[in-house]
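Here the structure is laid out as structure tokens; the discussion comes afterwards.
The values are calculated or read from the model by the stated rules, or taken from the named source; none is laboratory data. From a predicted model like this one, the values you see are computed outputs, not experimental measurements. Glycine gets a Cβ as well: all are built from the backbone with ideal geometry, and neighbour counts include every protein chain shown. These accessible areas exclude ligands, DNA and RNA; they are computed on the full protein's heavy atoms, side chains included. Shrake-Rupley method; radii C 1.70, N 1.55, O 1.52, S 1.80 Å.
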Amino acid sequence: MKTLQEKKGFICDMDGVIYHGNKLLDGVKEFVDWLTVNEKRYLFLTNSSERSPRELSQKLERLGLSVSEEHFYTSAMATAAFLQSQKPNGSAFVIGEAGLINAVYGAGFSMNDVDPDYVVVGETSSYSYNKIEKAVRLVLKGAKLIGTNPDLTGPTEKGIAPATKALISPIELATGKQAYFVGKPNPLMMRHGIKHLGV
């Protein structure tokens, strides 16, 4: 326990660790209070790409936990940073929610559904055959296929739901191309997280 208390920074998973669906798990509030009182640096790291740090902060606020935006790092942010490092000011066709689209925009990328440098896939509830078909055509024309994370499923209040790996699989199968996944367990996301944490 003493070794744990001496640590300067903490990186915590979110889904199933901090909350499950819309339920804050036991002991989380006490843990965050301890981090704050002891002036520890901490970061909530999530493979989910749907929500922005602001939205995650607001979600925790609704669950009774006050955590500011700078304490969150998502696979959308890691993916955007990766894309920026590979091709600054590039373009992408994105299948995902606002958290991913905004992160990619924020990294200086433009949206392009004609001849993008990348096809980027994250969790989304607006998945459609038309988007799959377009992604397949773009990858076959040379766009690199990127997934925000390799999770097959993710937890919801109703049980499990298909996650990025499940959504990107039809594109991989139809094109014969394997996606590159940025999120955990890729060490790249952990390195980005540690850098973001500043320890």
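Its relative contact order, with pairs defined as Cα atoms under 8 Å and 6+ residues apart, puts the chain at 20 percent. Rounded to the nearest 20 debye, the dipole magnitude of region 1-115 is 320 debye, with +1 charges on Lys and Arg beta carbons, -1 on Asp and Glu beta carbons, and the Cα centre as origin. Surface analysis of the chain yields an accessible area of 53 Å² per residue, using protein heavy atoms and a 1.4 Å probe.
When the chain is described by a simple charge dipole with +1 on each Lys and Arg Cβ and -1 on each Asp and Glu Cβ, the residue from Ser57, Asn186, Cys12 located farthest towards its positive end is Asn186. Taken along the Cα-to-beta-carbon direction at a fixed 7 Å, the label points for Glu70 and Glu6 span 2.7 nm.
Under a Cβ-only charge scheme (Lys and Arg +1, Asp and Glu -1), can you give me the dipole magnitude of the chain about the Cα centre, in debye to the nearest 20? Can you show the working numbers first?
On the way: 23 positive and 21 negative charges, 86 e Å.
Rounded to the nearest 20 debye, it is 420 debye.
Taking 0.36 nm per residue of sequence separation and removing the Cα-Cα distance, the Leu24/Val199 pair yields an extension gain of 60.3 nm.
Taking region 144-181, which trypsin sites (Lys or Arg not before Pro) meet the DSSP loop condition and have no more than 14 other C-beta atoms within 10 Å?
Working: sites: Lys144, Lys158, Lys165, Lys177; in loops: Lys158, Lys177.
Listed in order of number, the matching sites are Lys158.
Quick note on region 74-166: its Rg to Rh ratio, both from C-alpha atoms and Rh being the Kirkwood radius, is 0.97. Relative to its residue count, region 1-118 spans a Cα convex hull of 112 Å³ per residue. Close amide H pairs (under 5 Å, H built 1.01 Å from N) link Val119 with Phe93, Lys144, Leu145, Ile146, residues at least 5 positions away or on another chain. When the GluC sites (Glu not before Pro) in region 1-46 are filtered for DSSP coil states and for at most 12 other beta-carbon atoms within 10 Å of their beta-carbon, the remaining sites are Glu39. Taking the accessible area of the chain, probe 1.4 Å, and keeping the other protein chains in place, the carbon and sulfur fraction comes to 52%. Rounded to the nearest 0.05, the FRET efficiency derived from the C-beta distance between Lys87 and Leu63 at R0 = 45 Å is 0.75.
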